[in-house]
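Presented below is the structure to which this report refers.
Please treat every number below as a calculation from the coordinates, not as lab data. Quick caveat: nothing in here was measured; it's all calculated off a predicted structure. So basically every Cβ, Gly included, is an ideal-geometry build from the backbone, and we count neighbours across all protein chains shown.
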Amino acid sequence: MLDNIQSPADLKQLKKSELKQLCAEIRDYMVECCSTNPGHLGASLGAVELIVGIHYIYNTPGDKVVFDVSHQAYAHKILTGRREAFRQNRKKDGICGFTRMDESPYDAFGAGHASTSISAAMGYASAARMRGSGEKAIALIGDGALTGGMAYEGLNNAGTSGEDILIILNDNNISIDKGIGALHDYLLRLTTSRRYNRAKDKVWDWMGDGCLRRLIQKTVRTTKSFFVRSPRGGFFESMGFRYFGPIDGNDIGEVVSTLEKLKNIKGPKLLHAITIKGKGYSPAEEDQTTWHAPGLFDATSGKRTTTVRQGNRYQDVFGEVLLELARKDPRIVGVTPAMASGCGMNLLAQEMPERFYDVGIAEEHAVTFSAGLCAGGLIPFCNIYSSFSQRAYDQIIHDCALQRLPVILCLDRAGLVGEDGATHHGAFDLAAYRSIPDVTIAAPSSETELKNLMFSATRHTGGPYIIRYPRGNGIGVPWREEEFSFLPEGKGRVALEPEGPAVLNIVAEGPCVEAALTAVRQLTDAASATGGTALAIRVIDIRFIKPLDEELLRQATAGCKRILTVEDGCLKGGLYGAVCEWAARSRQEDSSRPEIEIDGLGIPDRFVAQGTQKELRQECGIDSDGILAKIRSLFNR
């Protein structure tokens, strides 16, 4: 059946009784594809019926469906002409793992970060009213994304606007990790109240009579307030929405019949649908956190493929070191916006739950909450993925830096992250935060350096202390065996000193240090193989992008006026910008100093699409081969 679906127009030709089989085929296809080409499987399995129902009832792409995060959008892609392309999902030059406006007219709005759907759908609804087009606007948001502050801003505006918008709350009791917070508890009470659900069924019987709409709305509010005993008398009604549900979001018959009824009801509406993350594939249902993005696995047995790694993942190093530090210092606490297992903070949560805070998908709150903890005498480690930290830019400035609070901000997934693509690359943190006064920014080049920077940060007394590190594995050094060492702020190190006078200084940060060392080794080996003389190249692990080790740079350029910077971040405004600014300022201070020639390698001034980290680093020229090619071009020139 699925083979015959090329668009929602084909879907509409099916009988309602055939939709259950179609949903099963979509799930089988997703499992088959994701077993060999990993992706965000669990959320998409749970949302199949909702997506089938939306495309069956609404007239897409005229009617606009806006996904939140779009982890759950795989069925949407498969039904909208991208079934075969889905086999190349998240691969280089393949389709994006998230919705993307320039990929398909059915992708009404791009999404990779949480809590944006309500605001975007509200915009579509207002535009449709002003143009008189009659198009519908639907936002599909998960209960996890509903914890984000922007979702409440959208609810607050949409509920009182009178705009014709439908919000479908896909409630599966989990985002990546287990759901938390007051809203989660409220939804749980709402969905488990038997007395309320019995009363709800009676209200549904009145739906068709427009003359009773005001009476129905009043009755719904009253019954929920009484049966659910919410102190606010129904959260969503208090925001101005007509609330419907909860319904079984994995029952395609109930989903379709409900959407049919809601389609022609005007104004702001919210449909509460209960789904199971990983629905229809038992391994994914039983371990929802792991199967959010399980990697490679055998589709039949559900056995996941074990990958042999060199070194430890940086997130695991962070988790172990944080726990070790917390054992030594009772002031240390951990804060994460719904990324406990992803960042490694689950270790602290398991052993010291009273010193662990998962604040939900709320990066702004995470930073300001950490600032409050810090002001209260604690040492908070606030771990946020680099691209998500962009959402807390004002809080980092206003609540941390301006007040010189030494909040330790650990930015995981800095630089090119790989298959998640442009929405998730941590490309901009160096350029964004380097301009903020009283901020320290460090980038470890190995597992041991991450360990020591975390230790050093606990001794910091100034403003925010930012440690940014990449997704994936370190270089494989025995970091557990090393004792903690204090790394002075603003002090780098020479990672490789040539035997003779240097003709080039490579100034690198983070993972680019090892790539630079490899490039120089390759150059030396090539010279040795041909009987030639290798270029004398100095490699500097700058370690701190702010404050920059200006003394080390002065010493390095005393006899060699050529610098090549290499960074896993945007070239404009990052390490390259910092070194160029230093060089310009040095000449202003001392006009007798010769001009320094500076070249840079980094993420170019464009949004980089998805691919493996290796492919993308190669594309941007920041792998060892790219650095080697740049060195040769410099000296050929």
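With a ≥ b ≥ c the root eigenvalues of the C-alpha gyration tensor of the stretch 314-481, is it rounded (a/c under 1.5), prolate (a/b larger than b/c) or oblate? Cα axes put the stretch 314-481 in the rounded bin. For the stretch 88-104, putting each phi into the Karplus relation 6.51 cos²θ - 1.76 cosθ + 1.60 with θ = phi - 60° gives couplings of 10, 4, 6, 8, 4, 6, x, 7, 6, x, 10, 5, 8, 4, 7, 8, 7 Hz, in residue order, rounded to whole numbers and with x for Gly and Pro.
Amide H to amide H, with H built 1.01 Å from N, I540 comes under 5 Å of A495, I506, V507, A508, counting only residues 5 or more places away or on other chains. In terms of packing, defined here as the mean over residues of other Cβ atoms within 10 angstrom, the peptides 583-589, 276-282 line up highest first as 276-282, 583-589. Computed from these coordinates, which is Cα extents along the principal axes in Å: (1) 89, 56, 50; (2) 97, 72, 43; (3) 97, 62, 58? The calculated read-out lines up with (1).
Note the angle between two axes, namely the Cα long axis of helix 363-375 and the longest principal axis of the Cα atoms of the chain, as a number of degrees from 0 to 90, rounded to the nearest 10. Compared with the principal axis, the helix lies near 60 degrees. On C-alpha positions alone, give me the angle between the axis of helix 19-36 and the longest principal axis of the chain, in degrees, nearest 10. Approximately 10 degrees, to the nearest 10.
With the highest mean first, a sort of the peptides 361-368, 344-351 on other beta-carbon atoms found within 10 angstrom per residue produces 361-368, 344-351. Scoring 57-66, 539-548, 456-465, 42-51 by mean Cβ neighbours within 10 Å over their residues and listing the highest first yields 42-51, 539-548, 57-66, 456-465. Taking a ≥ b ≥ c as the square roots of the eigenvalues of the alpha carbon gyration tensor, the stretch 493-636 is oblate, as a/c is not under 1.5 and a/b does not beat b/c. The alpha-carbon of K277 sits under 20 angstrom from the alpha-carbons of these lysines, leaving out residues fewer than 8 places away in its chain: K20, K77, K178, K303.
Our note on the geometry: Cα centres of the stretch 448-504 and the stretch 576-590, 24 Å apart. Between amide H atoms placed 1.01 Å from N, distances below 5 Å from L601 occur with T565, V566, E567, all of them 5 or more places distant or on a separate chain.
Computed from phi, the 3J(HN,Hα) profile of the stretch 60-77 under the Karplus parametrisation 6.51, -1.76, 1.60 (θ = phi - 60°) reads 7, x, x, 6, 9, 10, 10, 8, 8, 6, 6, 4, 9, 9, 4, 4, 4, 5 Hz, with x in place of Gly and Pro. First check a/c for the stretch 1-138, with a ≥ b ≥ c the square roots of the eigenvalues of its C-alpha gyration tensor; if it is under 1.5, answer rounded, and if not, answer prolate when a/b is larger than b/c or oblate otherwise. Verdict is oblate for the stretch 1-138. Scalar couplings 3J(HN,Hα) for the stretch 288-299, obtained by applying the Karplus form with A = 6.51, B = -1.76, C = 1.60 to θ = phi - 60°, are 5, 5, 4, 8, 4, 8, x, x, 6, 7, 8, 5 Hz; x denotes Gly and Pro. Helix 194-205 and the longest principal axis of the Cα set of the chain meet at an angle near 60°.
Between K491 and E351, residue separation times 0.36 nm minus the direct Cα-Cα distance comes to 47.0 nm. Near the amide H of I247, within less than 5 Å, lie the amide hydrogens of H272, A273, I274, all on another chain or at least 5 residues away, with H placed in the peptide plane. Summarising the strand pairing of the stretch 493-636, around 15 percent of its internal DSSP beta bridges are antiparallel. For the residue pairs K491/K614; K451/K491; K12/K261; K328/K546, the C-alpha atoms sit more than 23 angstrom apart in K491/K614; K328/K546.
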